[in-house]
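Below: the structure, in structure tokens.
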Amino acid sequence: MGFFSAITRSSFSHGLHPPSHKAETAGIPIKRMPFAPLLIIPLSQHIGAPSRCIVNKGDEVVRGQPIADASAALSVPIHAPATGRIKSIEQVTGARGTMETAILLQVYDASSQQVLWRNPVDPASLSSEQILQAIQDLGLVGLGGAAFPSHFKQRIPDDKMVDTLVINGSECEPYLTCDHRIMLERPEHLIAGIKLAMRATKTRRAIIGIEDNKMDAVNVLQKHLLNEEHISVQAVKTKYPQGSEKMLIKSLLNREVPAGGIPLDIGVVVNNVQTLSSLGQLLPVGEGLIERVITVTGPGIKHPGNYRVPVGTPIGFILQQVGYSGGVNEFILGGPMMGPAVSSLETPITKSCSGLLVLNEPGIQDETRMIWPCIKCGRCVSACPMHLNPAQLGLLASAAEYQQMADDYNLNHCFECGCCSYICPSNIPLVQYFRIAKAINRELAA
Amino acid sequence: MSKKPQVELRTTPHLHAPQDVVVIMRNVVFAILPIAAWSIWLFGLSALMLLVIVTASCLITERLFTMANGQVNTLGDWSAIITGLLLALTLPPAFPLWMGVVAGFIAISMGKVMFGGLGMNIFNPALVGRAFVQAAFPVAITSWTPALFEERFSQFIPSTFTAPFMIPVTLDNWNLQYAVDGFTGATPLGLQKFDGISTPVLDLFVGNSAGSSGETSALIIMCCGLYLAIRNMLDWRIPFYIMLGTLLTAGGFYYINPQQYPEPLFMLFSGGLMLGAWFMATDMVGSPVTPLGVVIYGLFIGFLTVIIRLFGGLSEGVMYAILLANAATPLIDQYTTPKVFGHRKQS
Ligand code: SF4
Ligand code: SF4
């Protein structure tokens, strides 16, 4: 890759370049996190109907055993992340601050890392329909943050045609490096997963899109793909939000998902690398998704790195393990641009959580930060990847013209990437305005 | 855990770009200072006094209005200082101070407060002030004095201390006494337009010619502007397209009749064009927010400036060109709203 290809590297327009902060963790191999004494496993860790609990208080479960099953087509089962006893099934505060039902699992001291319950299949013998079923049985969801059930995503309706499977390895959020490590350490799992997904979706072509700040991952994968005709790796510009499905498709294929549509409408299915790597690892051995790799980092952490964490581990336990200095902090699940800050250290890591970022005093935005009037600098307009006019939307929001925002200024196409708020020199919390406006419009429509 | 954890809850995004309004405005002030220094070097004490008094007038006016309206003190955002400095730099060095106070008051009150303060104004406040005094004091605003006159650091130009509401003394005699040979009390643009005498482009570029205190050196203005552009605090596209628009339009006329029309480079480096292009037209508040809008806005200003200079009654046209373009900005923004991602052209 010469200089020329680096500057002409394909990308979407707009977006921005926040400081990456990836160096702290990108070079550290993935480590395993021990079991917390108590795991908190919410029944709704995915988009769609919550899983249905199939265990009772006091039941003994072994690591890997299903403890909740899919309650609908758009739902997935949940497996026990450790061997132990069900302590209770109760209401807990979830990552987004709402109350939800969770299974509390008291982990046995001697719980082994070995998975004791499995349902192995021979992938070679499966039809695409059977693969979809197997994916659902794993409890697999989009691990990049979307949490959309994977079997549902790979199911192509009869009236649609898919020609390309895109694998999202761009990991554009600052601080996060878990996908990067997965590509470096588990390329064979990823490739196995890609092949399964290609069979499930009946696509002939797969492209792995990786931001060009991870050329080592590009090289590793290219080496592993020497004999693969239909799977290729392509470096894309490092730019936020390259990892958003629509932006990545634009960069790789120069196709635009129609406004209000989904990638399927233009013949593309996008999966995150960790999702497919888990698929390639788990499906052949028939184990459920009971752990995932997350990046634990931020100025408040003594031993930042990437950790393989059992689903349901409370963030307070993780903080003990990685050495946390205390004080005023913000605890963010996922990346700093889109990840929600949580209110309680009891909050568990769920399937779709890609990181735990702890920002302490100097890293947190200064509380007394003044909000000035919009000075019409246009920076938000030049940053918005959806080509909206956040400045105008912001003015309308302060005038409470929520309906006009949606009707005339395409409010609903905003996917809350945060570019506009990040860049605004007047510190206007634009994304927050838009979130409120959308919520009010939803209320009014209902 | 050493300290008790305290959980902060904020909304996304949790990061913010390092530049905020104050950082940007402060740097604009810093970038204007060398231009101000050059004008003091050229015109001496009178230019210095004018800068101080006009800026003070702007600051006091802004504070008085926020106090009267019960609003928070907005002086901390540095924008009133920018207005004051820019306004002073567009005035002739011999401009009576009391008229400078009026200009500053009008700039802030009618140019900014009346619209609702920072961010709400349609026009560049400094230009509003300047346009007002142009109409109110047509003689004083065109009374030019020579640059680099010898006693500039030991004495004021006589008109500087004109008593309020008095007509300033005429400078003709004073000019005769102090001026370098042949000074006629006209700017290069005026000379060119009314007498057909052209000033060497190099003099204009370096800036030792008569004119408003801060508009004479294209070189310094460009350097200061470039500093801001490189630090990403000024939209370089605006001065670029203004200059392009000026060159194209002036070049067109020059091509048709080189005898009658001035050469394009003269147009570019004379009068207030440079200061206007780099520091007035780029005022974020009055310029378009859309990428295409910025291009149209710049070309429009360049074009209008040349037209006004060549065919208007005045020798200078930048000020009105920018004000007109400011007025057109909402319209430009509306027509250049970017197409939403995924809205494909009908094919
Ligand atoms: S948050 Fe919405 S409006 Fe702001 S830049 Fe992202 S998509 Fe555009
Ligand atoms: S970035 Fe902020 S100040 Fe600039 S135009 Fe957008 S909303 Fe206004």
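The values are calculated or read from the model by the stated rules, or taken from the named source; none is laboratory data. As the structure is a prediction and not an experimental result, all values here were calculated from the model. When we count neighbours, we look across all protein chains shown, and the Cβ atoms used for this are built from the backbone with ideal geometry, even at glycine. All accessible areas refer to the heavy atoms of the entire protein, side chains included, with ligands and DNA or RNA removed. Shrake-Rupley method; radii C 1.70, N 1.55, O 1.52, S 1.80 Å.
Among A:VAL236, A:VAL76, A:VAL431, the largest mean-square fluctuation in a Gaussian network model of chain A (Cα springs under 10 Å) belongs to A:VAL431. For the segment A:421-430, counting C-beta atoms of other chains within 10 Å of every residue's C-beta and taking the mean gives 5.
When the alpha carbon gyration tensor of segment A:81-200 is reduced to an equivalent ellipsoid, the three semi-axes, largest first, read 29, 20, 18 Å.
Taking the 1.4 Å solvent-accessible surface of chain B as the whole, the part contributed by carbon and sulfur is 67%.
Using the Kirkwood radius over Cα pairs, work out the Stokes-Einstein diffusion coefficient for segment A:56-140 at 25 °C and 0.890 mPa s, in µm²/s as a whole number. Walk me through the intermediate numbers first.
Numbers: Rh = 14.6 Å.
The Stokes-Einstein estimate is 168 µm²/s.
Counting heavy atoms of the protein chains alone, A:MET370 has an accessible area of about 90 Å² for a 1.4 Å probe. The alpha-carbon atoms of chain A, seen along their principal axes, cover 61, 51, 46 angstrom, with the largest extent given first.
I'd like to know how segment B:21-335 sits against the 2.2 N^0.38 Å rule of thumb: what's its Cα Rg over that expected value? Don't jump to the answer; show the numbers that get you there.
Working: Rg = 18.5 Å, N = 315, 2.2 N^0.38 = 19.6 Å.
Cα-based Rg divided by the globular estimate yields 0.95.
Any chance you could tell me what percent of the C-alpha pair distances in segment A:276-401 go past 19 Å?
Working: 4816 of 7875 pairs.
The proportion of pairs with Cα distances above 19 Å equals 61 percent.
Once the 1.4 Å probe is applied to the protein heavy atoms, segment A:379-445 comes out at 38 Å² accessible per residue.
Convex hull over the alpha-carbon atoms of segment B:24-134: what's its volume per residue in Å³? Present the calculation step by step, with values, prior to reporting the outcome.
Details: hull volume 9.3 nm³, N = 111.
So the per-residue hull volume is 84 Å³.
Whole-percent P(r), segment A:196-251, all Cα pairs, 5 Å bins from 0: 4, 18, 25, 22, 20, 10, 1.
With the full set of protein chains in place, find how many percent of the accessible area of chain A is carbon and sulfur; take the probe as 1.4 Å. Carbon plus sulfur share of accessible area: 54 percent.
Tell me, which longest segment in chain B has none of the GluC sites (Glu not before Pro) that fall in DSSP loops with at most 13 further Cβ atoms within 10 Å?
Details: sites that count: B:GLU150, B:GLU151.
Counting only loop sites that pass the neighbour cut-off, the longest clear stretch is B:152-347.
For segment B:240-288, dividing the convex hull volume of the Cα atoms by the residue count gives 71 Å³ per residue. Highest average first, the peptides B:293-305, A:61-73 ordered by how many other beta carbon atoms sit within 10 Å of their residues are B:293-305, A:61-73. Taken residue by residue and averaged, Cβ atoms of other chains lying within 10 Å of the Cβ of A:245-252 number 1.
Could you calculate the FRET efficiency of B:VAL139 with B:ASN257 from 1/(1 + (r/R0)^6), where r is the beta carbon distance between them and R0 is 41 Å, rounded to 0.05?
Numbers: r = 33 Å, r/R0 = 0.79.
Calculated value: 0.80.
In the frame of its principal axes, the protein assembly as shown has Cα extents of 106, 57, 49 Å, reported largest first. Per-residue 3J(HN,Hα) values for segment A:103-117, derived from phi via the Karplus relation 6.51 cos²θ - 1.76 cosθ + 1.60 with θ = phi - 60°, read 8, 9, 10, 7, 7, 5, 3, 8, 3, 8, 6, 6, 8, 9, 10 Hz in sequence order (x marks Gly and Pro).
Going from most exposed to least, what order do B:THR199, A:THR313 have by accessible area with a 1.4 Å probe? All intermediate terms of the calculation are to be shown ahead of the outcome.
Numbers: B:THR199 25, A:THR313 0 Å².
Greatest to least solvent exposure: B:THR199, A:THR313.
Which cysteines in chain A lack any other cysteine whose Cβ sits under 4.7 Å from their own Cβ? Those would be A:CYS53, A:CYS172, A:CYS178, A:CYS353, A:CYS374, A:CYS377, A:CYS384, A:CYS414, A:CYS417, A:CYS419, A:CYS424, since no other cysteine Cβ in chain A comes under 4.7 Å of theirs. Protein heavy-atom accessible surface, 1.4 Å probe, per residue over segment B:241-330: 35 Å². Note on chain B: GNM, Cα springs under 10 Å; of B:THR12, B:THR90, B:THR170, the largest mean-square fluctuation is that of B:THR12.
Rounded to 0.05, the FRET efficiency of the B:LEU292 and B:LEU75 pair, given R0 = 51 Å and the Cβ-Cβ distance, is 0.90.
Taking all Cα pairs closer than 8 Å and separated by 6 or more residues, the relative contact order of chain B comes to 17 percent.
Residue by residue through A:232-238, how many Cβ atoms from other chains fall within 10 Å of the Cβ on average?
Working: counts 0, 0, 0, 0, 0, 0, 0.
Mean shielding by partner chains, rounded to a whole number: 0.
Charge dipole (Cα centre; +1 on Lys/Arg Cβ, -1 on Asp/Glu Cβ; no other charges) of segment B:21-335 amounts to roughly 520 debye. Here the Gaussian network model covers chain A, with springs between Cα atoms less than 10 Å apart; of A:PRO310, A:PRO37, A:PRO258, A:PRO258 fluctuates the most.
Rg/Rh, computed from the Cα trace of segment A:335-437 with Rh as the Kirkwood radius, has the value 1.00. Chains B and A together bury roughly 4700 Å² of accessible area, counting both sides, with a 1.4 Å probe on protein heavy atoms only.
With the convex hull built on the Cα atoms of segment A:1-133, state its orientation-averaged projected area in nm². Walk me through the numbers on the way to the answer.
Numbers: hull surface 56.1 nm².
With every direction weighted equally, the projected area is 14.0 nm².
Scoring A:281-293, A:166-178 by mean Cβ neighbours within 10 Å over their residues and listing the highest first yields A:166-178, A:281-293. Between B:LEU314 and B:MET67, the contour length at 0.36 nm per residue exceeds the alpha carbon distance by 85.0 nm. Across segment A:379-445 the C-alpha pair distances fall into 10 Å bins from zero in the proportions 24, 60, 15, 1 percent. Normalising the Debye intensity of segment B:7-66 to I(0), with uniform scatterers on Cα atoms only, and taking log10 at q = 0.27 Å⁻¹ returns -1.10.
For A:VAL358, what accessible surface area do you get with a 1.4 Å probe? Give it in Å², rounded to 10. My reading of the accessible area for A:VAL358 is about 0 Å².
A 1.4 Å probe over all protein chains sorts A:TYR433, A:TYR240 by accessible area into A:TYR433, A:TYR240, starting with the largest. In percent, rounded to a whole number, the relative contact order of chain A is 19, using alpha-carbon pairs under 8 Å and six or more apart.
Converting phi to 3J(HN,Hα) with the Karplus coefficients 6.51, -1.76 and 1.60 and the offset θ = phi - 60°, segment A:55-68 yields 10, 10, 3, x, 4, 9, 10, 9, 4, x, 6, x, 10, 8 Hz in sequence order, with x at every glycine or proline. Nearest 0.05, what FRET efficiency do A:ILE28 and B:ARG231 give at R0 = 22 Å with Cβ-Cβ as r? Efficiency computed from Cβ-Cβ geometry: 0.05.
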